[in-house]
Amino acid sequence: MCISPVEDGHKLVTFYTGFTCVYFPIVICAVYFTEYFYSIGKYSFFPVIGVIFVAESSKYLIGTCIVKRNSTGSGRYDERYLTVSTKKNSTKSRLKEGIKSSVIIVIMIVVYFSVAVLFGAEVFSKHEETFMLSVLLCVLTVFPACLHMGASSAINLIFGQKPSNDVVGTLILRSIQLTLFGAWLGAFVIPLDWDRAWQEWPIPCASGAVLGFTAANLLMMINVVPKL
Amino acid sequence: MEIHWKYFFLLLWFSYLFMSGVLLFARGFLLNREVLPHKSRCIPANVCGNTSRTNSNNISLQSENNEGFSTQSGQCRQEELWTEKIDMIGDQQTCWLSRTKVVLIVIDALKFDFVYFHEKLQDQELLPYQNKLKVINDLLAKEPDHTRLFKFIADPPTTTMQRLKGLTTGSLPTFVDIGSNFATPEINEDNILDQIKSQNKNIVFMGDDTWSGLYPKRFIREYSYPSFNVWDLDTVDSGIMNHLMPEILKKDWSLLIAHFLGVDHCGHRYGPYHSEMARKLSEMNDMIRSVVDTVDNHTMLFVIGDHGMTSTGDHGGDSDAEVTAAMFVFSRKPLLSTEIFPHSDTVNQVDLVPTLSTILGLPIPYANLGSVILEALPSLTEGKDILSDWKFALETLWINVQQIMEYTRHYSKKTNQFSQERLSLVQMSYTMLKENIKSISSLEDFVNFSSRVKSHLSLVRQMCEEVWVQFDAVLMYNGLLLTFVSVFFIFLLVDGVPGDQLKETLSGTFQYIIIGCLVFTAFGTFICYLINLGNNIEISLYFAAGILSMIMVALIIIRSWAAISSHWQNQVKSNDWLSVIGRVLLILSLCGLFSNSYVVEEATVLSYFLLTMAWLLVYNFKPSKPEPAGRVKTSERQLPSWFNKTLLTPLKFKLFMFVTLLSVLVRLSQYYWLCREEQIGCESSALHKAHSFASLVNMRYCNSQWFFTLICLALFVTVGRIWLRSCGNLVGFSPTVTIARYGPTIIVVCTAGFWVLQSLPNDTKYKLFLPLQIQILPWIVYTVIFVALMTTLFQPLSIFVVPRRKDSMILPVYGQTNIIPHLFNQMKELMRGRSKSGVAGGDDSLGKDVPIVYGLATVYSSVFVNVCVFVCLLVALLLGDTMASSVVLMYTTSIVLLIILSAIQYEKSFYTAQLFKVPWSSVICWGFLTVYFFYGTGHTTTFPGIQWEAAFVGTGGQFSNHVVPALLVCLNTFAAHVVLSVTLPVLLVAPFTLHVMFPKMLPSADKDSIKSKDMKRGELILYEKADLLYQEAFILCTKYILFFGIRMFMCMLAATVHCRHLMVWKIFAPKLIFEGLGLFVVLPCVLVSYLLVIQITTHIKALLLRLDKESSP
């Protein structure tokens, strides 16, 4: 029996969101209960970002494997979900895609950095903090987009194109939106005069972004699971 | 009445509603203490028989102190007198007879730090204000028994007039008194000066003329000097110096007051870190030294500061630096010994009143709340007899306690303000003291007792403080209710009722009913007042008119409820999430008004919201013809390009650029922020409060600042002129055009000249010029601006009708102008069609004798550009040379925002009528911008943050009345409100202007057939649809004032909710006052802008009629 592409997408999304909903809370708890929480704005936070990076990549790899296996069984697969691997599958094109993606990510780090400054982050100090926030935001938003949809579609997504009825695209878009929204909302606690350590820039924004990302995945899972 | 005047009066009515609500609330919230007319009186000193008053001492005690003078008071037994005194209730007090005289030297803003001597510091390390008053230190070291130095804690608000009130009556200040700083009213409450007068003693006064305002006709000789000119450091002081020594030698007074202003003015002008401050303090030092050398044995010297100053030299708030003044006491007679009496180095300012009363032998003023400072009293026996010393101190204390008790008792009886439990607590503590006093027999007992008295008095003081922040709840709730209901109903009216329906409602007989009812209420209230039914005409007028108006508006709403509900249903369906987001952001910013941290950080919060709004607007912007989704995907598959062209159209790209520019501009304006003391690291910003205090930073820095500002202004004027010229609005020689052409340049030159003269050092300046000559420059500016605004109001059109000649057709003058004849052609055709007078044959000849009119396509916007330029320049002059560039920044930012908003609006609307409707999101953006640039032009919502120096521009500190300086300060403070409110209709006009001036920016312009055809006529289309214009401009204005009304309501609510909050007087109340003043500035400005729209339209009509007549003979 054939598996329709739509159902395929649903399964893939279920896997993605499930994966995230398992590993992300673990990361959050680990960060929260260790000293890493207060060093979100320091370079020493890079290991955690690395963990997220690796987890996102492996999520994608496992997901594509599952789809491939399914599709080999049924004889057809929907190539939409396999942007990178299907395109002639040559190392050259992969390399090209990889370079493109990394360029986009670097550009987006700069963009996030300047947007943060424009929205009120300090210009002449706290570069480290602002930079770490932009890196975190990139790992949560642009990196998955590049991974799952390819560099050019990621750009399109950033400039506000709604992915049609593509479930993976919806997931990515929603997680980007909610992550940024979370970071935006996080800034609300900074001006309060409570004098807590976690009010330091960029801890509230970073936490907001992380929570927004989790929320997006959770919501998507709730949406998708009944349709399976 | 024509429809536009109806709209105008409707706006006026709405403004009145908001204002009356706010004023009602303010009456209740900014309430104060009731002033009791009672005066303390003296019991004749010899109550109990024939006590002789002759005493070799300069202070003759009342005779019951018979330990010392037992021979003369044999008949009076001590116990009897004690009981008499203990039970004595009433406004009568025993007083000492005293021949002591007091010299009270008030050095305005004498901070404790100025007096405190740093022995360890070397001369090089000293700040300019340190160790300058050496005489005080010398005396303290040399004669410890004769001198005292205290920290003298003033009660906030630390403004001179409030302080003087406290220093003479001994009462606590209330908040609203701040408002009366401009017009000093006479003090009628019982005070120390009146007490002296009533004992037939004399007072001599010299110095600050605030005293003369507070106490007219109290002094036998007075030498007062104007106080408001804070740039003048020396007039007052040298005036006092001339009179001080001769007066001290004259001996016919018992109190001599000398109020020096130099130190305070120096603080305002240069700040405490300037060398001028060292000079002023050294002068004071010499003055004190010579006074100390001159006074005789019966004279005591008090040197006090009425308040302190912040590190920028300002005062008015309640920070430690502002309230900590100094008090120095010197007496030739020894003072009560500090070894016996508990000594504290910190006293309250009001404590001076009972102390002075005791020394001068006066009853303590009736409303006094201070406690006598024992250590500052002279010893009766020159320190030899400790027993009589403490008896004397005990009695003094007890009189003080009784006086305060009597006052609180009377006050609570009269006003019912004190809470019962508090009162009983005080009563209990008083009874205990009364029991206690009988058993005092030794010095230790007395020391115990005096500390108990201290705690009792502070308890009373606490009780009073609590109550005098008491609000009139009824008025407050009425005000809140009125404001809420007006905001709510006006929102329903504007947002719910479709425009045409509103017009219908207004046109019927209903309007007459409204006017009739309003007139009737006004008369009714007045008559009620005349026959004494209502006791306060102002409040009843507000209230009656408010209620009636609400009923009227409710009637309108009920009448058109069907329309409202259907309109809302449509809105819900259309699901415009941008305006939803706009409202959410608005609500979030309103919630921020309830939190003190957000009020403190409001500038940041507002810029955050403004940028969020702008970015969302652009991000969400879709070009009007989106490609079908399927095609996007195929192209994406086939062309793995960097990005999809259809998504990032050139227009969207430009918008992204603009919004980035907007963000950068807003971010840059953060360097103009004035921080407030609650913020961390507040002292860091170099710009704050430093402007026009040129010497605070070094000269070179100042010059570069000045050049930068000047270049900004010059660019601003030039760009404005280029714009007008390319619009064709600078052709010809009509008065409007002429003044628009030359006015700005004249203004900028004069302004720059004025700033140069201001930054000259004082001595050079006055050698070269008379003060009058300097003030001529600002007066030229004022005159030009006044003339320009008046011309613009009465002759708004800056267009030029080319005289009809054959060759005039081929005159391709400036840029765009050659399309104007074509435009006019079309328009005229339309006119003819409308009036149906056009003859068919006439159309053929049209090509030949069409009149050419320059600047008709931008006829609306040019007027607003003109007005805006002049208002901006006026505001720039008032802001001073450092901050003036912020106005240019504000102007640029608003233009960028305007471009974004209008481009989006243009793309979103499908037909012309839709373009007239300004959506909520734009209005909210504009509102955020307005409130944000209140901060962006270097202001905060604190009283020390007000830039008083604006009052000196063009007046030089000589005021005949207080209206002009108040107006100038107001213009300075609410610069953003004025500029952005007057130019409000530009929001409506801008899409048309944008299309005429930059047709290439809007690529879809050529495609849309109907819209672009309409749009080609530029802003004339606004005239053609004049009815729609009036209606939508009205709705725009109402939405805008609604924005401020809602904010005001929330501020009022926040103040109500937090009225017992710790921060209410520091944060919420100033916020409320500034917001209220802002609203009061916005309302007339919006009305003026609507008036401008009306004026332009009527003038175009007249012009076209004239042209029509000329062309068709």
In the set B:E322, B:E276, the lone residue that is under 34 Å from the mean Cα position of the chain (by Cα), in a helix (DSSP H, G or I) and within 22 Å of B:D351 (Cβ to Cβ) is B:E322
Of the conditions (1) farther than 22 Å from B:V135 by Cα; (2) in contact with a helix residue (DSSP H, G or I) (Cβ under 8 Å, 6 or more places away or on another chain); (3) acidic (D, E), B:D234 fails just one. Which one is it?
(1)
Pick out the one residue from A:H127, A:H148 that is more than 14 Å from chain B (Cβ to nearest Cβ) and either in contact (Cβ under 8 Å) with a residue 12 or more places away in the chain or of a type in the set (A, V, I, L, M, F, W, C) (or both).
A:H148
Taking the stated definitions as given, is A:A154 under 24 Å from A:T130 (Cα atoms), within 10 Å of another protein chain (Cβ to nearest Cβ) and in a helix (DSSP H, G or I)?
yes
Extreme residue, nearest to B:H265 (Cα to Cα), among residues of region B:184-227 that are within 31 Å of the chain's Cα centre (by Cα) and assigned to a strand (DSSP E or B):
B:D208
Name every residue in region B:283-316 that is more than 19 Å from B:G207 (Cβ to Cβ) and part of a helix (DSSP H, G or I), in order of residue number.
B:D293
B:I895 is checked against (1) more than 21 Å from B:D500 (Cβ to Cβ); (2) over 36 Å from the mean Cα position of the chain (by Cα); (3) free of Cβ contacts under 8 Å to residues at least 60 places away in the same chain and fails just one. What number does that condition carry?
(2)
Would you please name the residue that is nearest to the chain's Cα centre (by Cα), looking only at residues in region B:583-608 that are within 11 Å of chain A (Cβ to nearest Cβ), of a type outside the set (A, V, I, L, M, F, W, C) and over 19 Å from B:M1063 (Cβ atoms)?
B:S607
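Each row is one residue, and each column tells you yes or no for (1) free of Cβ contacts under 8 Å to residues at least 12 places away in the same chain; (2) over 26 Å from B:L611 (Cβ atoms); (3) crowded, with 24+ Cβ neighbours inside 10 Å.
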| position | (1), (2), (3) |
| --- | --- |
| A:V142 | no, no, yes |
| A:S153 | no, yes, yes |
| A:V168 | no, yes, no |
| A:I190 | no, no, no |
| A:P202 | no, no, yes |
Candidates A:V115, A:V106, A:V168 - the one that is among the aliphatic types (A, V, I, L, M), facing another protein chain (nearest Cβ under 10 Å) and assigned to a helix (DSSP H, G or I)
A:V115
Would you confirm, using the coordinates I've provided, whether B:A884 is under 18 Å from B:Y782 (Cβ atoms), touching a helix residue (DSSP H, G or I) at 6+ places or on another chain (Cβ under 6 Å), modelled with pLDDT under 90 and assigned by the TED database to the domain that holds B:W779?
yes
So B:N575 fits all but one of (1) at pLDDT below 55; (2) more than 10 Å from chain A (Cβ to nearest Cβ); what number is the exception?
(1)
Any strands (runs of 3 or more DSSP E) falling wholly within region B:69-156 and containing at least 1 residues that are at pLDDT 85 or above and either among the charged types (D, E, K, R) or under 28 Å from B:P365 (Cβ atoms) (or both)
B:101-107, B:147-153
Here the residues within region B:603-638 that are at pLDDT 90 or above and touching a Lys or Arg at 6+ places or on another chain (Cβ under 8 Å) are B:S607
Scanning region B:497-525 residue by residue, those at pLDDT 75 or above and assigned to a loop (DSSP other than H, G, I, E, B) turn out to be B:V497, B:P498
Among the residues listed as B:N596, B:N620, the single one being touching a residue at least 60 places away in the same chain (Cβ under 8 Å) and more than 24 Å from B:E504 (Cβ to Cβ):
B:N596
So, first residue away from chain B (no Cβ under 12 Å) and under 20 Å from A:E200 (Cβ atoms) in region A:177-188, second residue surrounded by fewer than 17 Cβ atoms within 10 Å (Cβ to Cβ) and modelled with pLDDT of 90 or more, Cβ within less than 8 Å, six or more apart or across chains; the pairs are A:G182/A:A215
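The values are calculated or read from the model by the stated rules, or taken from the named source; none is laboratory data. What you see is a predicted model, and the numbers here were worked out from it, not measured in a lab. Please note: Cβ atoms are built from the backbone with ideal geometry, for glycine as well, and neighbour counts cover all protein chains shown.
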